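First comes the structure, then the notes that go with it.
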């Protein structure tokens, strides 16, 4: 009976082997400087270079200098801190992270940026372990981070940043942008008991303490907004007699003054004048 079953079992084993998903190929980080990570396939998808020059970001000079200084230390294998860029929407947090990386990587060939979705925070410990064995240095960027999934995501991020018994990877710098200083979602814990809510809040606030560098992006006042608009207009050769009046009217229609609103006004003006822009 055993001999009769042997061919059948062999065919079943061979069929299962064919159904097994292929082992993913080793990532080729020579293909690009920017990548997106896909946790399900553990693949790294190359992305085109970020086109906006660092010098084009207006109204955030202090934040720019501090972030670039930390990034340059990391690229040179010197001590550097994980960075949290937090503040109101539209102030240039994500643009600064990417533009600064592009600038620093010009003189650091082994520096790579890997972008992850905020919904994939629980996959960060495995990602960090994978990158730990690589010779390159990695900036892992998570844009618009907050803990919508609750304490489980917070624990995963804390585990990644602390690195467990092996310690955090020396070749990985984690950068997050967020509208909230402590990364907690609005309405957090409304349907949970007081003790559970307090414990979750403590877990999540403790994660923000793992970021050694906090860089705040406050709302723009009118003078800073107009200075940003003037800086963009001068940089790209955009001339109009009523620049300030039009820029203020544009901000009023948007209900806000920010770097994003200034850039959107400049894009509109450049289109009107028939002038190209980098992004």
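Values quoted throughout were computed directly from the atomic coordinates according to the rules given, and no laboratory measurement underlies them. Bear in mind the structure is a predicted one, so any value in this text is a computation, not a measurement. A quick note on method: Cβ atoms are made from the backbone with ideal geometry, for glycine too, and the neighbour counts reach across all protein chains shown.
Data overview
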read-out	value
C-alpha center-to-center spacing [the stretch 96-126, the stretch 40-67] in angstrom	8 Å
Tail fraction, Cα-Cα pairs, the stretch 222-273, threshold 11 Å, whole percent	63 percent
Kirkwood Rh in Å, taken over the stretch 55-142 so that all alpha-carbon pairs contribute	14.0 Å
Extended-chain gain in nm, criterion 0.36 nm per residue less alpha-carbon gap, residue 119 and residue 144	8.0 nm
Chain lengthening between residue 43 and residue 89 when straightened (0.36 nm per residue, less Cα-Cα)	13.5 nm
Calculated FRET value between residue 133 and residue 264, using beta carbons and R₀ = 41 Å, to 0.05	0.45
Label point distance in nm, residue 152-residue 78, each placed 7 Å from Cα along Cα→Cβ	4.2 nm
Gained length - residue 253 relative to residue 55, 0.36 nm times residue gap less alpha-carbon distance	68.6 nm
Computed FRET value (nearest 0.05) for residue 239 with residue 107, which takes r as the C-beta separation and R₀ as 41 Å	0.75
